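Single-structure report; data block below.
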Amino acid sequence: MEIISNFSLKSLNTFGIESHAKFFAKVNTVNQIIELIESDSFKKNNHFILGGGSNLLLTKNVDALVIKNELKGIEKINEDADFVWVTCAAGVVWHEFVMWCIDRNYGGIENLALIPGCTGASPMQNIGAYGVEIKDTFFELEAVELATGQLKTFTKPDCEFGYRESVFKRQLKNQFIITSVTFRLTKVPTFQIEYGAIKQELDNMQVSNLSLKSIAQAIITIRSSKLPNPKEIGNAGSFFKNPEVDEATYLRLKNEFPNLVAYALENKNYKLAAGWLIEQAGLKGYRVGDAGVHQLQSLVLVNYGTATGNQMFDLSTHVLETVKQKYGIDLEREVNII
Ligand code: FAD
Ligand code: EPU
């Protein structure tokens, strides 16, 4: 396995930001991971796991051995009358896994079509979109502990999934390299089309027989219409989370801003649409040099070309401060900052 020093990460992060890794290695098998863990380069340096680089903001050079996870393979490992259990290696591109399942009529992740990145990163923030999160179909994952080289299995409760959260983003940050994820998918799909503009898009498509494929196609169309394609404009999707507030805070804001966009949660709290807060604070399309708030989706910060990680970070701080000043709400960054 080749370990390269002073390696440019510009093409490996969807913000397209220049940053160099002190060392860089690709791993294709669990054995290579273990071999790497036993190497001097590993023992003498910090380490950082890289997937598709679509949820990262690099604000400096990475003073670490960057390990790019390229483990491949998808396998049906079990089934009963209603479900199939499918294991996907961590380096498989998430959207390719979604389409693999759709081709076999395995249901449950079709609403998550077109989310960038690798399957191994999907549990990191319990990726979600259009009313579905991976925790809904997650069964278990395997990961190598970097300190010991041991392969461990994590069940759903072990992962402590929340909204854009898991134990791997918190207590176990940088301690495990996820090698595969197993999902329990349905043989007879339950279509989830209540969220957002899905029904409308299916109507536009004049779909007569609903299928996993038509739902995924509707979602691909909706996403492509509002989210910038990282191949054209650098971005990492939503830069901030949608904040959860208690009922009193919601009522205070609703009184002051009657058009506030918010969703009632089961625990009686409310989730506020951060994109609305940012837009109504006058920041939609706001731009400093090449760092900007996207013109169609204010929750997405974009690099128009040559912005540095620090310029993107400063823009995010400006957004946080502006929202705090106008609404008294603290936004939280979703993107992993290095
Ligand atoms: P990376 O960015 O490479 O890494 C993210 C984090 O995970 C890092 O901390 C990294 O160290 C860690 N990590 C990566 N792989 C492993 C591994 N194998 N083991 C251990 N740690 C690992 N997210 C959503 O939830 N919903 C969306 O709708 C959505 N839409 C997006 C749209 C666009 C246009 C973009 C650019 C991003 C979007 N995202 C969305 C964010 C992003 O796609 C997801 O967070 C994705 O799961 C990141 O995967 P990645 O492989 O690129 O991870
Ligand atoms: N809105 C505005 N102005 C904006 C953006 C949004 O008013 O500039 C309003 C919209 O009109 C809508 C509401 O906010 O009423 C919600 O917008 P949208 O449906 O676009 O979703 P979002 O809340 O902005 C979330 C996720 C996305 C996910 C979509 C679809 C978070 C942080 N973001 O965005 O995930 O794809 O819902 O489910 O939860 C990501 O995590 O990177 C990501 C893209």
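Observations, loosely collected:
- Some residue of the range 138-161 being within 16 Å of ligand 2 (Cβ to nearest atom), closer than 29 Å to ASN46 by Cα and crowded, with 17+ Cβ neighbours inside 10 Å: yes
- The lone exception for LYS199 - which of (1) modelled with pLDDT under 95; (2) part of a loop (DSSP other than H, G, I, E, B) it fails: (2)
- Residue within the range 280-295 that is more than 23 Å from LEU114 (Cβ to Cβ), in a helix (DSSP H, G or I) and not polar (S, T, N, Q) present: no
- Between GLN171, GLN192, the distinction of being more than 12 Å from ligand 1 (Cβ to nearest atom) and in contact (Cβ under 8 Å) with a residue 60 or more places away in the chain belongs to GLN192 only.
- Pairs where the first residue, in the range 150-165, is in the same structural domain as VAL181 (by TED's automatic domain parsing) and assigned to a helix (DSSP H, G or I) and the second is within 16 Å of ligand 2 (Cβ to nearest atom) and of a type in the set (Lys, Arg), C-beta under 8 Å, 6+ apart: LYS156/LYS135; CYS159/LYS135
- Residue selected from the range 272-298 under the condition of a type in the set (S, T, N, Q) and within 16 Å of ligand 1 (Cβ to nearest atom), by the criterion nearest to GLU332 (Cα to Cα): SER298
Table: residues versus (1) closer than 16 Å to ILE338 by Cα; (2) among the hydroxyl-bearing types (Ser, Thr, Tyr); (3) at pLDDT below 95.
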site	(1), (2), (3)
ASN6	no, no, no
GLY16	yes, no, no
HIS20	yes, no, no
PHE24	yes, no, no
THR29	no, yes, no
ASP40	no, no, yes
ASN55	yes, no, no
THR59	yes, yes, no
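- If you go through the range 169-190 and keep only what is more than 16 Å from ligand 2 (Cβ to nearest atom) and part of a loop (DSSP other than H, G, I, E, B), you end up with ARG170, GLN171, LEU172, LYS173, ASN174, GLN175, LYS187, VAL188, PRO189, THR190.
- The residue pairs whose first member lies in the range 230-242 and is of a type in the set (Phe, Trp, Tyr), whose second member is more than 8 Å from ligand 2 (Cβ to nearest atom) and assigned to a strand (DSSP E or B), and whose beta carbons are closer than 7 Å, counting only pairs six or more residues apart or on different chains, are PHE239/LEU301; PHE239/ARG333; PHE240/ARG333.
- Test for ASN235: is it surrounded by 15 or more Cβ atoms within 10 Å (Cβ to Cβ) and in a loop (DSSP other than H, G, I, E, B): no
- Filtered residues of the range 315-331 (kept if surrounded by 15 or more Cβ atoms within 10 Å (Cβ to Cβ) and under 22 Å from the mean Cα position of the chain (by Cα)): LEU315, SER316, VAL319, LEU320, LEU331
- Of the residues ASN303, ASN229, the single one that is more than 9 Å from ligand 2 (Cβ to nearest atom), surrounded by fewer than 21 Cβ atoms within 10 Å (Cβ to Cβ), outside the structural domain of ALA121 (by TED's automatic domain parsing) and polar (S, T, N, Q) is ASN229.
- When the range 114-138 is filtered for residues that are in a loop (DSSP other than H, G, I, E, B), under 26 Å from LYS173 (Cα atoms) and not polar (S, T, N, Q), the ones remaining, listed by number, are LEU114, ILE115, PRO116, GLY117, PRO123, MET124, ILE127.
The values are calculated or read from the model by the stated rules, or taken from the named source; none is laboratory data. These figures come from a predicted structure and were not determined experimentally. Every residue, glycine as well, gets a Cβ built from its backbone with ideal geometry; the counts of neighbours run over all protein chains shown.
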